[in-house]
Structure formats: C-alpha cells, structure tokens
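**Q** The structure under discussion is supplied below as structure tokens; questions concerning it will follow.
The values are calculated or read from the model by the stated rules, or taken from the named source; none is laboratory data. From a predicted model like this one, the values you see are computed outputs, not experimental measurements. All Cβ positions, even for glycine, are placed from backbone atoms using ideal geometry, and neighbour counts span all protein chains on display. Calculation scope for accessible area: heavy atoms of the full protein, side chains included, ligands and nucleic acids excluded. Shrake-Rupley method; radii C 1.70, N 1.55, O 1.52, S 1.80 Å.
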Amino acid sequence: MRNILVVIDMQNDFIDGALGTKEAVAIVPAVIAKMKAYPKEDIFATRDTHPTNYLETQEGKYLPVPHCIQGTEGWEIRPEIAEMLLPDHIFDKPTFGSTALAECMKEIYEAEKGEVTFTFVGLCTDICVVSNALLLKAYLPEARIAVDPSCCAGVTPEKHAAALTTMQSCQIQMD
C-alpha cells in the first residue's frame, strides 16, 4: 500500500503573515515531523497563488486581505517545508481546490490499482484543506482519504472543528 502525503498551503502568509494565526504557527513542527515519515517522492503540496490584482477578484472582494501574491515572500512555502518537496510536486492553485492536484492523485491511484492512501495536512482546515480533500473524494469515491487534525489549523479553532466534522460526514478519515 502506497501512502501519499498532501501538504496544503503551508505558506508564510497563512502561518505568520497576512492571514497567520497562532494555531498555524503551532502546527509547523508537527507538519515537518509528518513529512519526515514519508519518502520525498510521496509528498505533494499546494501553493495558494494570487495575481497582483487579487482585490479585484471575487475572492478578494469577500476576503479583502492581499495574501499569497505570486512572487512575494508571503506566497513562498515555509523554507523548512519547501526543502522537503520536489519542485514538480508543488501545485500552484488560484482557488481553494486544485483540479490539477486531484488529476495527479487520480493517476497515482490508478497506477497503484487503488492500493494507496491519501493523507492531508496544512492550512486552512476550513477552506483549502476541506476543499482539496472533498475534491479528491469526488474524483476517487472509493479511495481512502484521511486528514491529520494535529497537522491542520483553521481560520479559528471552531472552524477547524467544523471542517473536520464536515469531512468525517463525507467519509474522510481522521488519522
């Protein structure tokens, strides 16, 4: 059985930058420890990526805080996490969920004849983690998809808990 780790948006702006929280800062060591338990080729990641005109987008109108603007320090994946990633295993995404990531995971699932588990960690539980986990569940309804709550943080602790409940309702396992 192959185990794939999917690291969602562990970027400076979500950790201690424009949208950072103490909960996000607190999970960094746990995410690094989790990553160390996987071969580098079995770790994939997303990077929230916005253009300079972010505030003019629909998301920017609802969340008027510039963040993860491509090429900025806030957009960068935390260095100690980035060094554990293969460059071609990082998916830039302009929205909450990445269809390119889901398609890549589907290819792996099919190549492994379904003998694979996907575990999600990262930020934010209630936005991008839940979006990517549910998107993958839609692509692969029979796959074992899990999330490690100790390696995730939400916008608030309450939203983190609510997202975990939603994922459990959709048959995503808690690791």
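**Q** Which FRET efficiency value, to the nearest 0.05, is calculated for Thr57 and Asp88 with the Förster distance at 22 angstrom and r the Cβ-Cβ distance? Each step should come with its number before you reach the end.
**A** On the way: r = 27 Å, r/R0 = 1.22.
The calculated FRET efficiency here is 0.25.
**Q** Still on this structure, I have one more. Counting only C-alpha contacts under 8 Å and six or more residues apart, can you give the relative contact order of region 119-164 as a whole percent?
**A** Numbers: 55 pairs, mean separation 25.4, N = 46.
55 percent.
**Q** Just from its helices, what would the mean residue ellipticity at 222 nm be for the chain, if runs of 4 or more DSSP H residues each count -39500 (n - 2.57) and the sum is divided by every residue, rounded to the nearest 500 deg cm²/dmol?
**A** Working: 7 runs with 64 residues, N = 175.
Dividing the helical sum by the residues of the chain leaves -10500 deg cm²/dmol.
**Q** Can you send over the carbon and sulfur percentage of the accessible area for the chain, probe radius 1.4 Å, protein chains only? Walk me through the numbers on the way to the answer.
**A** Details: 4500 of 8190 Å².
The value for the chain is 55 percent carbon and sulfur by accessible area.
**Q** To continue, here is another question. Measure nothing but the geometry: give the 0 to 90° angle between the long axis through the Cα atoms of 22-36 and the longest principal axis through the Cα atoms of the chain, rounded to 10°.
**A** That helix lies at roughly 40 degrees to the long axis.
**Q** Provide the per residue accessible area, probe 1.4 Å, for region 52-175, rounded to a whole number of square angstrom. It would help to have the intermediate numbers written out before the result.
**A** Numbers: 6230 Å² over 124 residues.
Accessible surface, normalised per residue, equals 50 Å².
**Q** So, with +1 on the Cβ of K and R and -1 on the Cβ of D and E, and no other charges, what is the size of the charge dipole of the chain about its Cα centre, to the nearest 20 debye?
**A** Numbers: 14 positive and 25 negative charges, 66 e Å.
Magnitude of the dipole: close to 320 debye.
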